[in-house]
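The values are calculated or read from the model by the stated rules, or taken from the named source; none is laboratory data. Everything quoted here is computed from the prediction, not taken from an experiment. Cβ placement follows ideal geometry from the backbone for every residue including glycine, while neighbour counts extend to all protein chains displayed.
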Amino acid sequence: MQGVHGYRLRSDAVFRLELTPTTSSPLAIDISESTEMRIQRLISENPVIIFSRSGCCMCHVMKRLFSSLGVHPTVIELEEDEIDALSESQNDGGGEEETVAPAVFIGGARVGGLEGLVGLHLSGHLVPRLVEVGVLAFCQSLIPRPLGLMDMDPDDVFRDDEDDNENDLYQDRQSGKELVVFLVDASPKMFNITCPGEDQENASHFHVAVSCIAQSIKVQIINRPYDEVAICFFNTREKKNLQDLNGVYVFNVAEREYLDGLTARFIKEFDSVEESFSKVIGSEYGIVPGSRDNSLYNAIWVAQALLRKGSAKTADKRILLFTNEDDPFGRIKGVTKLDMTRTTLQRAKDAQDLGITIELLPLSSPNEEFNVSSFYADLIGLDGDELAQFMPLAGERLEDMNKQLRKRMFKKRKVRRISFLIAGGLSIELNTYALIRPTVPGKVTWLDSVTNLPLKSERSFICADTGAIVKEPVKRFQTYKNEDIIFTLDELSEIKRVSTGHLRLLGFKPLSCLKDYHNLKPPLFVFPSDEEVMGSTCIFIALHRSMIRLKRFAVAFYGSSSRPQLVGLVAQEEIIDGGGQVEPPGMHMIYLPYSDDIRPIEELHMDASGVPVATDDQIQKAAALVKRVDLKDFSVCQFSNPALQSHYALVQAMALDEDEMPEIADETLPDEEGMTRPGIARALEEFKICVYGENYDEEEDKKGHGKAGTKRKQLTDEAVSKGAYYDWGKLADDGKLKDLTVQQLKYYLTANNLTVAGKKEALISRILTHLGK
Amino acid sequence: MARNKEGLVLLIDVSPSMHSVLPEIQKVCSLLIQKKLVYSKYDEVGVVVFGTEDTENDLTNEVGGYEHVTVLQPIKVVDGDLVDVVQRLPLGTASGDFMDAIVVGMDLLIKKFQETIKGKKRICLITNAMYPIKDPYEGTKEDQVYTLAEQMAVHGMKIECIIYRGNQKRDPHEDNIIEENDKLLNIFSKKTKAKAVHVESSTSLLGALRTRNVTPVTIYRGDLEISSAFKIKVWVYKKTAEERFPSLKKYSDKAPSTDKFATHEIKLDYEYKSVQDQSKVVPPEQRIKGYRYGPQVIPISSAELEAVKFRPEKSVKLLGFTNASNVMRHYYMKDVNIFIADPGNKKAIIALSALARTMKEMNKVAILRCVWRQGQANVVIGVLTPNVSEKDNIADSFYFNVLPFAEDIREFQFPSFNSLPASLQPNAEQQEAADKLVMMLDLAPAGKEESLQPEFTPNPVLERFYHHLELKSKHPDAAVPPLDESLKRITEPDREVISTNKLVIDEFRRHFELKENPKLKKSTRRLLKDKTSGSYENQSTDLIASTSEVKIETLGDLTAVSDFEAMISRRDSPEWVSKAIYAMKNKILDLVENSFEGDNYPKALECLIALRRGCVIEQEPKQFNNFLSHINRFCQEANLSSFCEFLASKDVTYITKTEAKDSEIEDQDARSLFVKPEPKS
């Protein structure tokens, strides 16, 4: 084979170590190195490297094999004189007479030429070997992580050290970024009108999937800006993917890699993908009898190749598969079907071996349930018990379906694993989750307004006495009895360590002991796990059932390091509505206040002579009102936060350079119109008269205006009379206003109905403006 | 500062029946004074004890009477001495008359402050009210109390009574006295600003006295808009707010020790530098806020932000009522507010009262939209729950809890318990054991004080901090004090509850089995505590104490088995398991080798059985199986086959697959060792 391609001899040849486009700096060559050393270094530095002659066809085949596995090897084309050096560096391999080039090295060890590589692959050892050498970790080093750009919020300056831990809880810990490939089935079956949507409009499964993705990426771009996303349709007419496989179309916009961070443009264009879908992408069954094409196989291949980047250690890699076809190979018969099933499963397994999770989001319609076990159970690796737990989406309405998809699209992140000491040495394993946490507008990155480049904040500690810059101090002090009492950080953490860092059961109480005011912050959700301690789930379920049945909650001590606290564990039963889980089963850990955290406000306005209490008649009228103004379907999280939405809208509009600000509807305003309906208006009026009598409005007016009005009038009068002492024009002309006190300046402002807020300079300039000077 | 100055007199009963809880009283009182020293150092405090042998007060000198009441410390601005005073309360010998003490306390306050600091005068009485008070010279005891209460109201004094009732046995005669005293003390709460709390345990005694007096401030005063045409005047306060750990300042030791005026403070300085040019500092006015949007950072000037900022009007509007069951407890997001009617507006009080009572009756809650202040950039959605007052001098009110917005919810799917495989489901007996545990481990038993009620539970960390602060003020090198017993009852289960329910707990333990997941690597096993030695005594000692336990690192000759068990269950390092096994193997070999006519065999067998048990628990079957083969071979080679026979007769077998997953020995092969000399391992 050697002679197929002629050697190119170059007289002036020094070195020509070409680099493939996928690699960069690590291969930069230092001239002083010898060729052998360089080759040795390249072998040791690159987990997968191919040395070949330029334009060698065998090398091309090898490259294809690797890229089909989702690995992109480093390819070095060698000149003839360098080939000799290569052969020298192989001599330790036993010296068998094999072709010198092309040669593949995996993890520093020689695999051989094409035959060696294919042999390894056929024996099934190639993939494990690639995993072993951590090919993915290598790729990760090439992707610079955008660190150090995020700056501290200046508000942080005044924050207590103690708060930091807590904030970690609120902010989803950026434990790692997420790489997600959405694989959306675009077969004609997905376009069948199946589920009735809002406004009687019928929607297809395709619409459900696409709109869910559109919604979720809008949230993702703000909350998790480092995540990378690719959206990929399969069973398409057109094809667009790196591997040039049939029936797979990767949706993308300009200036963006297929798998990349989200951009404003991407989101905007994806919003309208449905309109142009049939024209640009087209829907077509990709698995048909008589053809060997397998669009599902291709789709997983494409997704896996995209997810090649990033290390499995630092990034979560997921494929989310949306489909309504439970038996993709149903139309195929015989051996072909078996073969296709086998290869597709193998492909999925390879992906999973590389640390990619494949999640299935099956869409089923009321008349045709999605049967997971007919094919997909094997694909996503469900067996026995897990299969029973896998709930197909069976929403009848679009909204339900939407909601359930949303639930599954976000990765479940546990806050931490804790042990729960029950009694007598029994301790079980629990995972805690933060299901409810206030969402805040994204972090502020300070920019230089001239260059729009990010700024880096530097914090320095300055000794107030000497002005010297000091290192971060390790001591704290509290002034007490006119002395500075010094604490070391160790002492402080020792003080806070009143218990081991785990949850310890103290006992049970009836639910009625848990008052509405026993609350400080959002609870943690706890769910059992058998990962380390087997039997935990069983104990947890037993306690959970007993607590629900006996209407009791557990009191426990949670010894976290930031604020050890007494907590209540309230068992929550699973609630299923509209085919989906509304409340997961488990326990909510409610942080209980201590005695000094509770303020006795009720007693503040105690009236020894007794306070008026409503009469039965008044209570009845109130009852009528309560009955009328009833929010039947109220659900806790039905409103979106108008402040947050308008902030997002602003950022989005600025990002897309839109001139107009989208109008954000404030959903939280009361239904004024509904309140004027005759029934409600009458109930309101009756209650009002019953409590306040007929003259409610007048009385209010008199009281409200009367009191505040007279006080203000008095003040103005006083100001006018006092202000009259001064010759304001003259004072202003002589520049003597600054000699007056703030109080004196305010006379003028009050007398002239100007605001009195601000510093002295502001007051003076306001007076000057008013005087027209 | 001085505007909010408080004048406080502590009236402490030191008569013999109170001696058992005096340590707690000293603790809570010194905590109170310490917090004043830190947060409100202009407050003035006096200390009066009663039930003392001696008598020392102004009134006894002026008018006579008032015996056994001692003014330990006349009212003065708080200082370190005061802490010492309350930490060294005298042990009294006489029976205390709390009514006399109250009069003395009032006298102190009136003489000191006259008409000033109205409403900031407070008397705090700590007593068990076990002794009868003396009959007054004229009228009844009730009349006397009424007069006192009126006087208090006139002078704007508040009284707080903490009545300690330990669970000691009392005879009926005493019960009568207590009943009478309670009635008398209750008169105060009817006639003036007074509060009486009863506590039963020393832990709740520590929590009963409010040690930090925060002047409540309304966060909203204005209309609660039921509709645009119907508004009720309300005031809103915070009901709960976390008392923070004091924010300590950073200490700088740079100042020369001779500098008397050194502040030792450290200032923080922030500089913003350009990423490219580290030497260039960008001034504040040249900075602009940027928000991330995907890969872009969008600069938005504060003017732009201002221009489009969401700016709702200040208001509190009703959205509607709904069933209480629609708002689950775990949706409460923050600390809690309280809505009361404008105290001067009788109609508003009635309107709120009518709503609260009807909502409670109908089990409804109200949903509100609140903007507390003008200029606030967000709205709050929350739920009002009725708080119907049981006292006729306290008005009905509402608690308000903030609810999450749609964006604040993360909806994760969890497996349904019912669909979990049967192996993870509790069976009927297990369920029954759990029911019993939940019922019996009761913190709120009928007829007794509810323990760990948040209202009476002190913050153990803050208690400890102030305790340490005081120690350090005397000895700068003082070590962190241990958590004392009454506080331990907050962080650990009450031993009394545990021991009375020993049977229930034992039964619960028997019904459930926990084991480490054998699939896990050893280094990651950390959660399962040594269950082999999980007795109650061990349970209640926490880590702090257990560090002083004797660590077993070698195997003794006589105690080889117990030492081995201790060693193998040590969890401070994963190495102990292999160390223990190794040591045990050597021990057994030694024993067998040095045996004279089999005299050590029983001992060796005992060790071997212990080793086997240990290896099953730790899931190390190979260690044992290989060793058993080895010892078999060894004995045959060294003409000690008598030991093999001995083992066979005692039925020592390999660890099988059913016992430990990693084992390669099938059940039927367990005895194979003594059948054929070379088993397959």
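Scan the stretch B:177-196 for residues that are touching a residue at least 40 places away in the same chain (Cβ under 8 Å), within 12 Å of B:Ile162 (Cα to Cα) and facing another protein chain (nearest Cβ under 10 Å) and jot them down.
Of everything in the stretch B:177-196, just one residue is touching a residue at least 40 places away in the same chain (Cβ under 8 Å), within 12 Å of B:Ile162 (Cα to Cα) and facing another protein chain (nearest Cβ under 10 Å), namely B:Ala194.
Among the residues of the stretch A:726-770 satisfying the criterion of being assigned to a helix (DSSP H, G or I) and over 56 Å from the mean Cα position of the chain (by Cα), which is farthest from A:Thr716 (Cα to Cα)?
So the residue we want is A:Asp733.
For the condition acidic (Asp, Glu) and not in a helix (DSSP H, G or I), what is the one hit in B:Asp175, B:Asp223?
Going through B:Asp175, B:Asp223 in turn, just one is acidic (Asp, Glu) and not in a helix (DSSP H, G or I): B:Asp223.
Given the stretch B:233-351, what strands (runs of 3 or more DSSP E) lie entirely inside it while holding 1 or more residues that are among the polar types (S, T, N, Q)?
Here the list reads B:266-274, B:296-300, B:315-323, B:337-341.
Against the definition (touching a residue at least 60 places away in the same chain (Cβ under 8 Å) and within 7 Å of chain A (Cβ to nearest Cβ)), how does B:Tyr293 come out, yes or no?
no
For A:Lys317, indicate whether it is modelled with pLDDT under 80, under 25 Å from A:Val71 (Cβ atoms) and either in a loop (DSSP other than H, G, I, E, B) or not aliphatic (A, V, I, L, M) (or both).
Here the answer is no, as A:Lys317 does not meet what is asked.
Within the stretch A:252-264, identify whether any single residue is touching a Leu at 6+ places or on another chain (Cβ under 7 Å), at pLDDT 85 or above and buried (at least 22 other Cβ atoms within 10 Å of the Cβ), and answer yes or no.
no
Can you list residue pairs whose Cβ atoms sit under 6 Å apart, with the first residue in the stretch B:253-267 being at the interface with another protein chain (Cβ under 7 Å from one of its Cβ atoms) and the second being exposed (fewer than 14 other Cβ atoms within 10 Å of the Cβ)? Count only pairs 6 or more apart in sequence or on different chains.
These pairs meet every condition: B:Lys254/A:Ala468.
What pairs come out if I take residues in the stretch B:93-109 that are without any contact (Cβ under 8 Å) to a residue 60 or more places away in the chain and farther than 12 Å from B:Asp58 by Cβ and pair them with residues that are surrounded by 19 or more Cβ atoms within 10 Å (Cβ to Cβ) and hydrophobic (A, V, I, L, M, F, W, C) whose C-beta lies under 9 Å away, six or more apart or interchain?
B:Asp97/B:Phe50; B:Asp97/B:Val69; B:Asp97/B:Ile133; B:Asp100/B:Phe50; B:Asp100/B:Val69; B:Asp100/B:Ile133
Are there any pairs, at least 6 apart or on different chains, whose C-beta atoms fall under 9 Å, with the first in the stretch B:271-284 and at the interface with another protein chain (Cβ under 8 Å from one of its Cβ atoms) and within 14 Å of A:Thr451 (Cβ to Cβ) and the second aliphatic (A, V, I, L, M) and part of a loop (DSSP other than H, G, I, E, B), and if so, which?
B:Tyr272/B:Val282; B:Lys273/B:Val282; B:Ser274/A:Leu453; B:Ser274/B:Val282; B:Val275/A:Leu149; B:Val275/A:Leu453; B:Gln276/A:Leu453; B:Val282/A:Val450
May I ask you to say which residue of B:Lys233, B:Lys254 is under 40 Å from the mean Cα position of the chain (by Cα), of a type outside the set (A, V, I, L, M) and at pLDDT below 80?
B:Lys254
Looking at the structure I just gave you, is A:Glu672 more than 7 Å from chain B (Cβ to nearest Cβ) and either free of Cβ contacts under 8 Å to residues at least 12 places away in the same chain or among the aromatic types (Phe, Trp, Tyr) (or both)?
The answer is no for A:Glu672.
Output the residues belonging to the stretch B:338-375 that are out of contact with any strand residue (DSSP E or B) (no Cβ under 7 Å at 6 or more places or on another chain) and within 22 Å of B:Ala241 (Cα to Cα).
B:Arg373
Looking for something over 27 Å from A:Gly693 (Cα atoms) and more than 7 Å from chain A (Cβ to nearest Cβ) - is there at least one such residue anywhere in the stretch B:388-396?
No, the stretch B:388-396 contains no residue that is over 27 Å from A:Gly693 (Cα atoms) and more than 7 Å from chain A (Cβ to nearest Cβ).
What are the pairs with Cβ atoms under 8 angstrom where one residue, in the stretch B:234-246, is within 7 Å of another protein chain (Cβ to nearest Cβ) and the other, located anywhere, is among the hydroxyl-bearing types (Ser, Thr, Tyr) and assigned to a strand (DSSP E or B)? Sequence gap at least six, or different chains.
Listed pairs, sorted by first residue: B:Lys239/B:Tyr399.
Picking from A:Ser560, A:Ser546, which residue would you name as being out of contact with any Ser or Thr (no Cβ under 8 Å at 6 or more places or on another chain), of a type in the set (S, T, N, Q) and within 8 Å of chain B (Cβ to nearest Cβ)?
A:Ser546
Can you tell me which residue among B:Thr127, B:Thr147, B:Thr93, B:Thr116 is in contact with a strand residue (DSSP E or B) (Cβ under 6 Å, 6 or more places away or on another chain) and polar (S, T, N, Q)?
After applying the criteria, what remains is B:Thr127.
If you scan the stretch B:362-404, which residues turn out to be under 21 Å from A:Glu602 (Cα atoms) and not in a strand (DSSP E or B)?
B:Trp372, B:Val388, B:Ser389, B:Glu390, B:Lys391, B:Asp392, B:Asn393, B:Ile394, B:Ala395, B:Asp396
Considering only residues that are of a type in the set (D, E, K, R), surrounded by 14 or more Cβ atoms within 10 Å (Cβ to Cβ) and either touching an Asp or Glu at 6+ places or on another chain (Cβ under 8 Å) or at pLDDT below 85 (or both), which ones fall in the stretch B:489-514?
B:Arg489, B:Glu492, B:Asp494, B:Arg495
Filter the stretch A:649-671 for residues that are assigned to a helix (DSSP H, G or I) and in contact with a helix residue (DSSP H, G or I) (Cβ under 6 Å, 6 or more places away or on another chain) and give the result.
If the condition is that a residue be assigned to a helix (DSSP H, G or I) and in contact with a helix residue (DSSP H, G or I) (Cβ under 6 Å, 6 or more places away or on another chain), then A:Leu650, A:Ala655 are the ones that fit.
Output yes when any residue across the stretch A:626-642 is more than 7 Å from chain B (Cβ to nearest Cβ) and in a helix (DSSP H, G or I), and no when none is.
Among the residues of the stretch A:626-642, at least one is more than 7 Å from chain B (Cβ to nearest Cβ) and in a helix (DSSP H, G or I), which makes the answer yes.
Scan B:Leu628, B:Leu591 and give me the residue that is within 25 Å of B:Asp662 (Cβ to Cβ), in contact with a helix residue (DSSP H, G or I) (Cβ under 8 Å, 6 or more places away or on another chain) and assigned to a helix (DSSP H, G or I).
B:Leu628
List every residue pair whose Cβ atoms sit under 8 Å apart, with the two residues 6 or more apart in sequence or on different chains, where the first one lies in the stretch A:562-575 and is outside the structural domain of A:Tyr517 (by TED's automatic domain parsing) and the second, anywhere, is in a strand (DSSP E or B).
Qualifying pairs under 8 Å: none.
Considering each of A:Lys509, A:Lys481, A:Lys551 in turn, give the residue that is more than 7 Å from every other protein chain (Cβ to nearest Cβ) and over 33 Å from the mean Cα position of the chain (by Cα).
Matching residue, one of A:Lys509, A:Lys481, A:Lys551: A:Lys551.
Being buried (at least 19 other Cβ atoms within 10 Å of the Cβ), more than 27 Å from B:Ser486 (Cβ to Cβ) and more than 7 Å from every other protein chain (Cβ to nearest Cβ) narrows it down to one residue among A:Val533, A:Val526; which is it?
None of the others qualify; the one that does is A:Val526.
Only residues that are within 7 Å of chain B (Cβ to nearest Cβ) and assigned to a helix (DSSP H, G or I): list them for the stretch A:601-619, please.
A:Ile601, A:Glu602, A:Glu603, A:Leu604, A:His605, A:Gln618, A:Ile619
Sort out which residues of the stretch A:359-389 are crowded, with 17+ Cβ neighbours inside 10 Å, part of a loop (DSSP other than H, G, I, E, B) and either under 26 Å from the mean Cα position of the chain (by Cα) or modelled with pLDDT under 70 (or both), and write them in order of number.
A:Leu382 - this is the single residue of the stretch A:359-389 that is crowded, with 17+ Cβ neighbours inside 10 Å, part of a loop (DSSP other than H, G, I, E, B) and either under 26 Å from the mean Cα position of the chain (by Cα) or modelled with pLDDT under 70 (or both).
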